[in-house]
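**Q** Have a look at this one before I ask anything.
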Number of protein chains: 2
Amino acid sequence: MKYINKKLTIEKVRIQDIAKKFGSPTYCYSYLQLKKNINNFKKNFKSFSPLICFAIKSNTNINLIREIKKFGLGADVVSMGELMMAVKAGISPKKIVFSGVGKTSDEISYAIEKKILLINAESESEIKEIDRIANFKKKKIQIGIRLNPNTDAKTLSQISTGKKENKFGVNERKFFELVDYCRNSKNIELKCLSVHIGSQILNYKPYEKMIKVVDRIINKINHKFEFIDLGGGMGISYEDNDKKLNYKKYSTIIKKFLKKHKSKIIFEPGRSIIGNAGILISKIIYIKENHKKNFVILDSAMNDLIRPALYGARHKTLPSTRRKKSSNQTYEVVGPICESTDKFITLKNFQELKEKDLIVMCDVGAYGMSLSSNYNIRLKPAEILIKGSKIKVIRKRQKYKDLM
Amino acid sequence: MKYINKKLTIEKVRIQDIAKKFGSPTYCYSYLQLKKNINNFKKNFKSFSPLICFAIKSNTNINLIREIKKFGLGADVVSMGELMMAVKAGISPKKIVFSGVGKTSDEISYAIEKKILLINAESESEIKEIDRIANFKKKKIQIGIRLNPNTDAKTLSQISTGKKENKFGVNERKFFELVDYCRNSKNIELKCLSVHIGSQILNYKPYEKMIKVVDRIINKINHKFEFIDLGGGMGISYEDNDKKLNYKKYSTIIKKFLKKHKSKIIFEPGRSIIGNAGILISKIIYIKENHKKNFVILDSAMNDLIRPALYGARHKTLPSTRRKKSSNQTYEVVGPICESTDKFITLKNFQELKEKDLIVMCDVGAYGMSLSSNYNIRLKPAEILIKGSKIKVIRKRQKYKDLM
C-alpha cells in the first residue's frame with residue numbers, strides 16, 4: 001500500500017474507488033502481499049523444505065484458501081468445519097493436520113474418513129477416543145501428540161499457549177506415557193511430535209527454548225518421529241517500530257536440530273501469511289466533538305473487527321486521502337455499536353479528518369473476518385481481492401434476508 | 001431451575017432430556033422466567049406505567065421477541081437490522097425507539113419510512129442529517145436527544161456509557177444548543193430527552209444522580225419533553241452473593257421527578273428481561289489432568305458465549321446431575337477453540353466431573369447468542385424455548401452448508 005498523488009492505493013487500485021464501487025465496511029486483500037509472504041516464508045526455511053500448513057482459523061475465506069493452495073501449502077484445521085473448508089478449497093487431505101484440544105467423536109471420525117495426514121492429539125482421552133474409533137473402523141490412523149513444552153512465548157497472555165498453565169498439549173511425563181500407549185496400539189501410528197507456544201511471537205528465543213525441549217524429549221525416547229510440527233506463531237509488525245522476527249536465526253536453530261533428528265518439519269503459520277495482506281476500509285459517519293477528544297464514528301464496528309475489543313490490539317490506521325493539515329485534536333476512533341468496548345484506536349497528531357472520509361485499518365487479514373459476528377444485527381462486510389488492477393469480490397456483503 | 005431427584009430441571013424438562021434430543025451446545029430459555037421478569041418489571045414501575053422497550057441487542061431471536069411483544073413491550077433498536085427484526089416480530093413502530101451513535105443515512109431514512117416513535121439522536125451531525133433527510137422527504141420527524149449526564153454507573157468500564165469520556169450522547173452545553181436547533185427546524189419535533197449510563201447496574205444511586213442531572217437540565221430550559229427515556233442497565237445477579245438493584249427506590253426517585261415534570265417514561269431493559277431466562281447446555285468432551293488443575297473441555301466455546309473472554313464475565317455453572325462426591329481438584333472450564341482466551345470459569349470444591357457430563361452455564365439469555373460468531377468455522381448453537389413441559393425449537397442449530 002502506498003500513497004499515489006495523495007490517494008492511498010492497494011496494488012494498482014485506489015481505496016476510494018473500492019469504497020465507491022463496493023461500499024463500506026469492506027475487507028480488502030492484496031494478492032501481491034499474500035504471494036510475497038508465502039514466498040518469503042518458503043525462502044526462510046528453504047534448506048529443509050517444510051510442509052507449510054496454513055492455519056485456516058486465521059482466515060476462512062475459501063477464495064483466499066484456494067489462492068494459498070496454489071502455492072502448494074497444506075492446511076492446519078481445528079474443527080470439522082475448517083476441515084471441510086480446506087478440502088472444499090482443494091487442499092489435499094495428505095497436507096492437512098488437525099489440531100485442537102476438544103475434537104469430538106464426530107470430528108475424529110470425519111478426519112479418519114478424509115484420510116488426513118495427521119490428527120495432532122492433545123490429551124490421553126483424545127488418543128483413547130481415536131484408538132476406539134480407529135478400532136471400530138478397522139483402520140490404522142496417523143497421529144501426532146502435542147507436547148506442552150512449558151515455554152513462555154513472551155507474547156500477550158491471551159495468545160500464549162505453550163505454558164504449563166495453558167490448556168494445550170500434554171506435559172513431559174504424560175507425553176512419555178502416551179508414546180508407550182501408541183506403540184502398544186494396533187490402530188495408531190505415532191508419526192509426529194507437535195508443539196505450538198503461542199501467537200504473534202517476534203523474538204526467536206522462545207522458539208530456541210522450545211526446540212531445546214523437543215530435542216531433550218526425543219533424546220529420552222527411542223521413537224522415530226517422521227514429522228516434527230513446530231506450529232506457527234510467527235509475529236508480524238503491527239506498529240512501525242515493532243521489531244521483526246529473526247527468521248534466519250530460527251531457521252539455523254532448526255537446521256541444527258535436524259542434523260541430529262531426521263524428520264520432516266511442519267509449520268502452521270496463519271498471521272504471517274495473511275495478516276498484513278488485509279485491510280479494512282471504513283467510512284466516517286459522524287465526528288462528534290467532546291471536551292478533550294473528538295469521537296470519529298466509523299461504519300465498521302467490533303462485530304467486523306473484534307481484536308481491539310478482545311485483545312486490546314492496535315491496528316495502524318490511515319486516511320484514504322492525505323491532507324496537509326494536521327489536527328490538534330485527539331481522535332478516538334470508535335464504531336457505532338452501543339458498547340464502550342466498541343473502540344478501535346486513539347490517534348494524536350493525525351491529519352484533520354472530516355465526515356465521509358475513508359479510513360483504512362491495516363494488518364487485519366488474520367483474525368479479522370474470521371472472528372466477525374452479527375452483533376447488533378449488523379451485516380458482515382464484503383471481502384475483495386486485489387491483483388494488480390483487477391478487483392474480485394471473494395465474499396459478497398451479507399444481506400438482511402440471510403439474517404431474518 | 002432446580003434439581004429434582006438430582007437432575008437439573010428447567011420448568012418441567014430435564015436438562016439431560018434436552019441434550020439427548022437436541023444435542024449440545026444448546027441455548028435454552030424458560031418462558032416462565034421471562035414472563036416473571038416482565039411482570040416484575042412492570043409491577044416495579046406500575047404507578048407511572050412506562051413504555052418498556054426491550055433492548056433487541058441483548059437477544060435477537062425473533063421467537064423470543066414475539067413472546068416479549070405479547071406482553072405489550074416495544075423495542076429499543078440500534079441498527080437497521082434490529083429495526084427490521086422488531087417490525088418482523090410484530091412490534092408496532094409506535095413503540096420503537098432507535099438508539100446508537102452512528103446511524104447511517106440509510107438507517108435514518110428507513111426509520112422515517114417505518115414511522116417509529118423516536119429516533120434518539122446522539123450528536124449534532126446526526127440531528128442535521130435527520131433534518132436534511134426529513135426535509136427531503138417533506139416529513140416532520142419525532143426525535144429525542146441523548147444527554148451524556150457524566151454519571152459514573154459504577155459498573156465495568158467496558159459497559160459504562162454515561163461518563164463524559166464515553167462516546168454516547170452529548171454534553172450539557174451541546175444539549176442546549178441542539179434543543180434550540182430543533183426548535184428552529186420545521187422538520188424536527190423534539191419529543192424526548194434520553195439518557196443511558198451503562199449496563200449491569202446493581203445500585204440505585206447512579207440512577208439517582210442521573211435523574212438529578214436530567215431534572216437540572218430540564219429546569220434550565222423551557223421545553224416540554226413528552227418522553228423521558230431513562231435507558232436500561234438494570235443489573236441481574238450473576239453470582240449468588242450479588243446484591244440486587246433496589247427497584248423500589250429507583251421507582252420512588254422517578255415518581256418524585258414526575259411530580260415536577262409531566263412526561264411519559266421510557267425504559268430500555270434487555271438483560272433484566274431475558275438475562276436469567278437463558279442457559280447454555282454444554283457437554284464435557286474431555287477432562288485433561290494437569291499438575292495443579294484439571295481442564296474440563298466443553299463442546300461450547302468462546303464463539304458460542306464470548307462474555308467471559310470479552311469482559312471477564314463469570315457465569316454460574318451447574319452440573320446437570322448432582323453427585324455427592326466433591327472433587328479436590330481445581331477445574332478450569334474451557335472451550336475447544338485454539339486460544340487461551342477460550343476459557344469460561346475456574347471451579348473449586350465442585351462436585352466430581354466426568355467426561356460426557358452435561359454442564360449448564362446460567363444467566364446467558366442476554367448478550368449470549370446475540371454476540372455469538374462462527375469463529376473456527378463452528379456452527380451456532382440451537383435455541384430452545386421451554387414452556388412447562390413443552391419444548392419448542394426457536395432457532396435450529398446452524399448447518400455446515402450455511403457456512404460453505
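The values are calculated or read from the model by the stated rules, or taken from the named source; none is laboratory data. Keep in mind that this is a model prediction, so the values were computed, not measured. So basically every Cβ, Gly included, is an ideal-geometry build from the backbone, and we count neighbours across all protein chains shown. Just the protein is used for accessible areas: all its heavy atoms, side chains included, with ligands, DNA and RNA removed. Shrake-Rupley method; radii C 1.70, N 1.55, O 1.52, S 1.80 Å.
**Q** Can you pull out every residue in the stretch B:312-341 that is in contact with a helix residue (DSSP H, G or I) (Cβ under 7 Å, 6 or more places away or on another chain) and at the interface with chain A (Cβ under 8 Å from one of its Cβ atoms)?
**A** Hits for the stretch B:312-341 are B:Ile337, B:Cys338, B:Glu339, B:Ser340, B:Thr341.
**Q** Just need a number here: residues in the stretch A:192-217 that are in contact (Cβ under 8 Å) with a residue 60 or more places away in the chain, in a strand (DSSP E or B) and of a type in the set (Gly, Ala, Ser).
**A** 1
**Q** May I pose another question? Could you tell me which residue of the stretch B:278-289 is nearest to the chain's Cα centre (by Cα), considering only residues that are open to solvent by less than 20 Å² (accessible area, probe 1.4 Å) and at the interface with chain A (Cβ under 7 Å from one of its Cβ atoms)? Talk me through it step by step, then tell me what you get.
**A** At the first step, the residues of the stretch B:278-289 found to be open to solvent by less than 20 Å² (accessible area, probe 1.4 Å) are B:278-282, B:284, B:286, B:288.
Okay, now just the ones that are also at the interface with chain A (Cβ under 7 Å from one of its Cβ atoms), so B:286, B:288.
Numbers: B:Tyr286: 32, B:Lys288: 35 Å.
Within the stretch B:278-289, the match that is nearest to the chain's Cα centre (by Cα) is B:Tyr286.
**Q** Does A:Val179 meet the test of being at pLDDT 95 or above and either closer than 28 Å to A:Leu245 by Cβ or surrounded by fewer than 23 Cβ atoms within 10 Å (Cβ to Cβ) (or both)?
**A** Working: at pLDDT 95 or above: yes; either closer than 28 Å to A:Leu245 by Cβ or surrounded by fewer than 23 Cβ atoms within 10 Å (Cβ to Cβ) (or both): yes.
Against the criterion (at pLDDT 95 or above and either closer than 28 Å to A:Leu245 by Cβ or surrounded by fewer than 23 Cβ atoms within 10 Å (Cβ to Cβ) (or both)), A:Val179 qualifies.
**Q** If you take the residues of the stretch A:149-171 that are among the hydrophobic types (A, V, I, L, M, F, W, C) and at pLDDT below 80, which of them is nearest to the chain's Cα centre (by Cα)? So that I can check it myself, show each step before the final result.
**A** Applying the first criterion (among the hydrophobic types (A, V, I, L, M, F, W, C)) to the stretch A:149-171 yields A:153, A:156, A:159, A:168, A:170.
Checking the rest, the ones that are also at pLDDT below 80 come to A:153, A:156, A:159.
Working: A:Ala153: 16, A:Leu156: 15, A:Ile159: 11 Å.
This residue is A:Ile159.
**Q** Scan the stretch A:357-373 and give yes if some residue there is over 22 Å from the mean Cα position of the chain (by Cα) and open to solvent by 10 Å² or more (accessible area, probe 1.4 Å), otherwise no.
**A** Applying the first criterion (over 22 Å from the mean Cα position of the chain (by Cα)) to the stretch A:357-373 yields A:357-359.
Checking the rest, the ones that are also open to solvent by 10 Å² or more (accessible area, probe 1.4 Å) come to A:357-358.
Yes, the stretch A:357-373 contains at least one residue that is over 22 Å from the mean Cα position of the chain (by Cα) and open to solvent by 10 Å² or more (accessible area, probe 1.4 Å).
**Q** Could you say whether any residue in the stretch B:304-322 is crowded, with 24+ Cβ neighbours inside 10 Å, of a type outside the set (S, T, N, Q) and at pLDDT below 95?
**A** For the stretch B:304-322, residues crowded, with 24+ Cβ neighbours inside 10 Å, of a type outside the set (S, T, N, Q) and at pLDDT below 95: absent.
**Q** Same structure, new question: Please work out if B:Ile297 is within 14 Å of chain A (Cβ to nearest Cβ) and surrounded by 24 or more Cβ atoms within 10 Å (Cβ to Cβ). So that I can check it myself, show each step before the final result.
**A** Values: within 14 Å of chain A (Cβ to nearest Cβ): yes; surrounded by 24 or more Cβ atoms within 10 Å (Cβ to Cβ): yes.
Answer is yes for this residue.
**Q** Which of the strands (runs of 3 or more DSSP E) found entirely inside the stretch A:1-99 contain at least 2 residues meeting this: within 14 Å of another protein chain (Cβ to nearest Cβ)? Quick ask: steps written out before the conclusion?
**A** Values: elements: A:2-4, A:7-10, A:26-30, A:51-55, A:74-77, A:96-98.
Counting at least 2 such residues, we get A:51-55, A:74-77, A:96-98.
**Q** Let me ask something else. Do you know which residues across the stretch B:1-40 are more than 26 Å from the chain's Cα centre (by Cα) and β-branched (Val, Ile, Thr)?
**A** B:Ile4
**Q** Mind telling me which of the residues B:Lys387, B:Lys392, B:Lys396, B:Lys354 ends up being without any contact (Cβ under 8 Å) to a residue 60 or more places away in the chain and of a type in the set (Lys, Arg)? So that I can check it myself, show each step before the final result.
**A** Working: B:Lys387 fails: without any contact (Cβ under 8 Å) to a residue 60 or more places away in the chain; B:Lys392 fails: without any contact (Cβ under 8 Å) to a residue 60 or more places away in the chain; B:Lys354 fails: without any contact (Cβ under 8 Å) to a residue 60 or more places away in the chain.
Unique residue meeting the criteria: B:Lys396.
**Q** Would the stretch B:21-35 turn up any residue that is over 21 Å from B:Ile279 (Cα atoms) and modelled with pLDDT of 95 or more? Before the answer, list the steps.
**A** First pass over the stretch B:21-35, keeping only residues over 21 Å from B:Ile279 (Cα atoms): none.
Looking for residues that are over 21 Å from B:Ile279 (Cα atoms) and modelled with pLDDT of 95 or more, one finds none in the stretch B:21-35, hence no.
**Q** In addition: Any residue in the stretch A:11-35 that is crowded, with 18+ Cβ neighbours inside 10 Å sitting within a Cβ distance under 8 Å of a residue that is assigned to a loop (DSSP other than H, G, I, E, B) and among the β-branched types (Val, Ile, Thr)? List the pairs, counting only those 6 or more apart or interchain.
**A** Correct list of pairs: A:Tyr27/A:Val364.
**Q** Could you list all residues from the stretch A:33-63 that are of a type in the set (D, E, K, R) and touching an Asp or Glu at 6+ places or on another chain (Cβ under 7 Å)?
**A** Taking the stretch A:33-63 first, the residues of a type in the set (D, E, K, R) are A:35-36, A:42-43, A:46, A:57.
The answer is A:Lys57, and nothing else.
**Q** Sort out which residues of the stretch B:100-129 are small (Gly, Ala, Ser) and within 11 Å of chain A (Cβ to nearest Cβ), and write them in order of number. Show your work before the answer.
**A** Here is the first cut: in the stretch B:100-129, the ones small (Gly, Ala, Ser) are B:100, B:102, B:105, B:109, B:111, B:121, B:123, B:125.
B:Gly100, B:Gly102, B:Ser105, B:Ala121, B:Ser123, B:Ser125, listed by residue number.
Matching residues to (1) buried (at least 21 other Cβ atoms within 10 Å of the Cβ); (2) in contact with an Asp or Glu (Cβ under 9 Å, 6 or more places away or on another chain); (3) assigned by TED's automatic domain parsing to the domain that holds A:Asp229; (4) of a type in the set (Ser, Thr, Tyr):
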| site | (1), (2), (3), (4) |
| --- | --- |
| A:Gly102 | yes, yes, yes, no |
| A:Ser109 | no, no, yes, yes |
| A:Lys114 | no, no, yes, no |
| A:Ile119 | yes, yes, yes, no |
| A:Ile143 | yes, yes, yes, no |
| A:Arg146 | yes, yes, yes, no |
| A:Ser157 | no, no, yes, yes |
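**Q** I'm told B:Lys292 meets every condition in (1) touching a helix residue (DSSP H, G or I) at 6+ places or on another chain (Cβ under 9 Å); (2) surrounded by fewer than 24 Cβ atoms within 10 Å (Cβ to Cβ) except one. Can you identify the failing condition by its number?
**A** Tallying (1) touching a helix residue (DSSP H, G or I) at 6+ places or on another chain (Cβ under 9 Å); (2) surrounded by fewer than 24 Cβ atoms within 10 Å (Cβ to Cβ), B:Lys292 fails exactly one: (1).
**Q** Please specify each residue of the stretch A:376-404 satisfying the condition of being within 25 Å of B:Met84 (Cβ to Cβ), open to solvent by less than 10 Å² (accessible area, probe 1.4 Å) and under 22 Å from the mean Cα position of the chain (by Cα).
**A** Passing the criteria: A:Pro381, A:Ala382, A:Glu383.
**Q** Does B:Ile127 qualify as being open to solvent by less than 10 Å² (accessible area, probe 1.4 Å) and of a type in the set (A, V, I, L, M, F, W, C)? Before you say what the answer is, go through the steps one by one.
**A** On the way: open to solvent by less than 10 Å² (accessible area, probe 1.4 Å): yes; of a type in the set (A, V, I, L, M, F, W, C): yes.
In short, yes.
**Q** While we're on this one: Could you list, in sequence order, the residues of the stretch A:363-404 that are within 10 Å of chain B (Cβ to nearest Cβ) and part of a loop (DSSP other than H, G, I, E, B)?
**A** Hits for the stretch A:363-404 are A:Tyr367, A:Ser372, A:Asn374, A:Arg378, A:Leu379, A:Lys380, A:Gln398, A:Leu403, A:Met404.
**Q** For the stretch B:146-168, give me the residue count where each residue is in a strand (DSSP E or B) and in contact with a Phe, Trp or Tyr (Cβ under 6 Å, 6 or more places away or on another chain). Working first, answer last.
**A** Taking the stretch B:146-168 first, the residues in a strand (DSSP E or B) are B:146-147, B:160.
With in contact with a Phe, Trp or Tyr (Cβ under 6 Å, 6 or more places away or on another chain) added as a condition, the list becomes B:147.
Selection size over the stretch B:146-168: 1.
**Q** Does B:Phe41 satisfy being buried (at least 22 other Cβ atoms within 10 Å of the Cβ) and within 23 Å of B:Ser251 (Cβ to Cβ)?
**A** Details: buried (at least 22 other Cβ atoms within 10 Å of the Cβ): no; within 23 Å of B:Ser251 (Cβ to Cβ): yes.
It is false that B:Phe41 is buried (at least 22 other Cβ atoms within 10 Å of the Cβ) and within 23 Å of B:Ser251 (Cβ to Cβ).
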